[in-house]
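First up is the structure itself, then whatever we jot down about it.
Since every read-out is calculated from the coordinates, none of them should be taken as a lab result. Everything numeric here is computed off the predicted structure, so don't read it as measured data. Quick reminder, even Gly has a Cβ in these numbers, built from the backbone with ideal geometry, and neighbours come from all protein chains shown.
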Amino acid sequence: MHKDSKRREALLYHAKPKPGKIAVVPTKPTSTQRDLALAYSPGVAEPCLEIEKNPENAYKYTAKGNLVAVISNGTAVLGLGDIGALASKPVMEGKGLLFKIFADIDVFDIEVDTKNVDDFVKIVKALEPTFGGINLEDIKAPECFEIERRLKEEMNIPVMHDDQHGTAIISGAALINACELQKKEIKDVKIVVNGAGAAAISCTQMYISVGATKENIVMLDSKGVIRADRENLDPSKAVWATNRDIHTLEDAMKDADVFIGLSAANVLSADMLNTMAPDPIVLAMANPNPEIAYDLAMATRKDIIMGTGRSDFPNQVNNVLGFPFIFRGALDVRATKINEEMKLAAVYALANLAKETVPEQVNIAYGAKKLSFGKDYIIPKPFDPRLMTEIPPAVAKAAIESGVATEPITNWEAYRDELSDRMGSDNKLVRMLMNRAKLDPKKVVYTEADQLNVLKAAQIAYEEGIAIPILLGNKEIILELKEEIGFDADVMIIDPKTNEESERRNRYAEFFWKSRERRGVTIIDAQKLMRDRSYFASMMVLQGEADAMLSGYSRSYPTSLKPVLDLIPRANGVSKVASTNLMLTNHGPLFLADTAVNPNPTAEETAKIALMTSHVVKMFGFDPAVAMVSFGNFGSSKDESPKKMRKAVEILHENHPEMIVDGEIQMDFALNQQMLKEKFPFSKLVGKKVNTLVFANLDAANTTYKMLKELNGATSIGPILLGLDAPVHVFQLGASVEEMVNMTAVAVIDAQEKIARKKNI
């Protein structure tokens, strides 16, 4: 990727459509004068007076209980160093974003312009009335130790410096499980810690807490082994000084069981790795490049367990596994602090979670047939939805048992349900899709690559490693646009109308003609059609010269769909193609069908659409719960549309009794479990969270998904074509760049699935 292009993209992301990455959103109605009178004057006086009577009422009447401050002075920002408080603000906003999308915690980022410890502590302490918790961030050592210690002592809300404890918690869980797999007692392992900053010191303390022995630990900084005889040794390092006659990393690594890297890239050589004890454990967590390259380490020692900070290798030590969920649990019991017991609870919860059966959607996200506890899976994946329902309860229980919870939880089942509901529509699914596509990118043909937005989507797909684009269109225009947007990758560009493509065009026409010669198609017809990009691209897929195809940006859906239906065979048992849109809503993911193809399907066809949609739902890793939506409920209307949906349900119940499907049912009853249970307790959907909506006709489905997208801001992925034997998909006219990128990921995953299925036949 062109360096300037990436820079421009990053700056544009932070600047548009609104500067920054977080915002304040009202949670109460504000549409009438009455609403405003309740929100502010005079109504606001009433909660003020209640809080004055009892400060605990602040948690009842304000956002305090779900509000965390991410606070920094900008002295140790990522790998940028001391860049100042103001320059750190984008990072703090980013941390706030992670809190929100992973644990539904609201954040104000606060950048404090002082390096004086006393001033910093005074300022943060004065903010206690506003927040339910304090996340300290990117503060350099050793000041960060004193700041955190004093704030924990002087404040009555949870305080945690994530740079210290986040990595410690995650790597602690990894170490516990790695020792178990390597059949080593943690109390006996010899540990080398390379690095002596805030994270390294906190990590080392955590390893002691989970059973490691201090005498077995050697710590190094940039000057070598931290020895007791070193002069002017910082107190935070002196704790870990050794009297052993070792001076260098090479010395320390001999017969070591564990290497912990929190330092710099490529400081650990293969020769050093070979001197370690049998069955070594290496957590090389320097970013972006670890202390020893993953491939080199794995090639050097076959008996190694290896973890890094990177997402493209197994066993990623990622702080996002910890801090959102630790604060979630602490806030939910109104803990007065985050203590050692709570951090240890998070460690053991993470370690235990890695041993549980992995949900299918996580397997799908990582392209694995079945992730299971072992050398390549010692800690959970960041996309695992169980993190939200397992880590906060463990932390909350530890807070209660250690006496720092002021609002104990009694109904743990209800609490887990509440946590599950908080997961909402934050686009985790999109991130999972992207990750899955990256694992095995496929060749995707874009039929309208001379359209700027289509080319942008192809560029993003290429640069993110989602797909290998093949660009169809006017070559001169494509090259000009590529230069304009800084897309300098050497990718295939094809103009089907040019002479240089005549051989391929004629070959495709010959194939098409022979397959259609008894259906009124002449060779001249076939040759003309192959000058059309959609026909040409479809043939590329059929001939194995591309893995998937995307079209439809600049033409109406029926026009774009016709070449696909003319050329691409149906899947086995499919007579009519259909489509579904995945909507990421506040309710959670919803699959809607048929959103683009069939105007008014019969009952039999509707049942088939429901069945095909349920297969797609499973492909995304969910268990389908299908509502057949109409304007009637279970026989309340005798009109044709509800009768059709009722018959479709009967067909599905008879032929597919394993399916969770019911109807006909009105939309509100389908989405509101309490209403459904009260009025229709017999329904198969009672106790199930509906994630699939099948409509009686195209008008209803298409209108619903577009209304959700425009009015509710729901992310739309689709239309996803159902029932074709090849991964070919058609955009809606004028699809956004984001929508096209998302559909690229879907097309790649579709190709992965179909290729795998054909190999297994």
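Measure up LYS370/LYS677; LYS140/LYS438; LYS100/LYS355; LYS618/LYS689; LYS152/LYS223 against 24 Å on the Cα-Cα distance and list the ones that go over. Beyond 24 Å between Cα atoms: LYS370/LYS677; LYS140/LYS438; LYS100/LYS355; LYS152/LYS223. Counted by neighbouring Cβ atoms within 10 Å, the residues HIS656, HIS165 run from fewest to most as HIS656, HIS165. Evaluated with a Cβ-only charge set (Lys, Arg +1; Asp, Glu -1), the chain carries a dipole of roughly 1960 debye about its Cα centre, given to the nearest 20.
Using a simple spin-label model with pseudo-atoms 7 Å out from Cα toward Cβ, GLU250 and LYS677 lie 6.8 nm apart. Expressed in units of 2.2 N^0.38 Å, where N is the residue count, the Cα radius of gyration of region 578-723 is 0.94. Across every pair of non-identical alpha carbons in region 427-472, the mean reciprocal distance, once inverted, gives a Kirkwood radius of 10.8 Å. Using the empirical formula 2.2 N^0.38 Å as the baseline, the Cα radius of gyration of region 43-188 reaches a ratio of 1.24. The chymotrypsin sites (Phe, Trp or Tyr not before Pro) of region 680-761 that meet both conditions, a loop assignment by DSSP and at most 13 other Cβ atoms within 10 Å of the site Cβ, are PHE682.
Based on the Cβ-Cβ distance from ASP699 to SER502, what FRET efficiency comes out when R0 is 60 Å, to the nearest 0.05? Efficiency, from the Cβ-Cβ distance: 0.85.
FRET efficiency for the pair SER31 and MET492, taken as 1/(1 + (r/R0)^6) with r the Cβ-Cβ distance and R0 = 41 Å, rounds to 0.15.
Can you pull out the trypsin sites (Lys or Arg not before Pro) in region 173-211 whose DSSP state is coil and whose Cβ has at most 12 other Cβ atoms within 10 Å? Those that pass, being in a loop and sparsely packed, are LYS183, LYS187.
Helix 117-126 and the longest principal axis of the Cα set of the chain meet at an angle near 60°.
State to the nearest 20 debye the size of the charge dipole of region 320-423 about its Cα centre, where the only charges are +1 on K and R beta carbons and -1 on D and E beta carbons.
Values: 13 positive and 14 negative charges, 75 e Å.
With only Lys, Arg, Asp and Glu charged at Cβ, the dipole is about 360 debye.
Among PRO624, ALA593, THR703, which residue has its Cα positioned farthest towards the positive end of the charge dipole of region 582-717, with +1 placed on the Cβ of Lys and Arg, -1 on the Cβ of Asp and Glu, and the dipole taken about the Cα centre? About the Cα centre, the residue reaching furthest to the positive side is PRO624. Three principal axis extents of region 320-423 based on alpha-carbon atoms, in descending order, are 44, 27, 19 Å.
Sites listed here are chymotrypsin sites (Phe, Trp or Tyr not before Pro) in region 12-87 whose DSSP assignment is loop and whose Cβ has at most 11 other Cβ atoms within 10 Å: TYR40. Once you reduce region 1-54 and region 61-130 to the center of their Cα atoms, the two points are 17 Å from each other. So how far, in whole Å, is the C-alpha centre of region 350-403 from the one of region 670-732? Distance between centres, Cα-based: 29 Å. The spacing between region 604-650 and region 437-470, judged by their C-alpha centroids, is 34 Å. Exposed loop sites here mean GluC sites (Glu not before Pro) with a DSSP loop assignment and at most 15 other beta-carbon atoms within 10 Å; the chain contains its longest site-free run at 1-184.
The mean sequence separation of alpha-carbon pairs under 8 Å and at least six residues apart, normalised by the residue count of region 165-317, gives a relative contact order of 20 percent. With a Cα-only, solvent-free Debye model of region 165-317, what are the log10 I(q)/I(0) values at q = 0.08, 0.18, 0.19 Å⁻¹? Debye intensities relative to I(0), on a log10 scale: -0.18, -1.03, -1.16. Nearest 10 degrees is fine. How inclined is helix 323-332 to the longest principal axis of the chain, computing both from alpha carbons? Long axis of 323-332 versus the principal axis of the chain: about 80 degrees.
If r is the Cβ-Cβ distance from LYS21 to LEU565 and R0 is 35 Å, what FRET efficiency results, to the nearest 0.05? Walk me through the intermediate numbers first.
Numbers: r = 42 Å, r/R0 = 1.21.
My answer for the efficiency is 0.25.
Relative to the compact-globule scaling 2.2 N^0.38 Å, provide the ratio for the alpha-carbon radius of gyration of region 432-567. The partial results should precede the final answer.
Working: Rg = 15.4 Å, N = 136, 2.2 N^0.38 = 14.2 Å.
With N residues counted in region 432-567, Rg over 2.2 N^0.38 Å equals 1.08.
Projected label points at ALA10 and ASN411, each 7 Å from Cα along the beta carbon direction, are separated by 4.8 nanometres. For the chain, the longest principal axis of the C-alpha atoms and the axis of helix 340-353 are separated by about 40°. Contact order, relative form, for the chain: 9 percent (alpha carbon pairs under 8 Å, 6 or more residues apart, mean separation divided by residue count).
With 19 Å as the limit on Cα-Cα distance, the pairs of LYS528/LYS562; LYS443/LYS754; LYS443/LYS758; LYS18/LYS89; LYS53/LYS125 that go past it are LYS53/LYS125.
Evaluating 6.51 cos²θ - 1.76 cosθ + 1.60 at θ = phi - 60° for every residue in region 601-616, the Karplus couplings come out as x, 6, 4, 5, 5, 5, 4, 5, 4, 4, 5, 5, 5, 4, 5, 5 Hz, glycine and proline recorded as x.
In the chain, taking the dipole from charged Cβ atoms about the Cα centre, the farthest positive-side position among ASN57, LEU262, ALA607 is held by ALA607.
Calculate the all-directions average of the projected area of the chain's alpha-carbon convex hull, and give it in nm². Working shown, then result.
Values: hull surface 151.8 nm².
Orientation-averaged projected area of the Cα hull: 38.0 nm².
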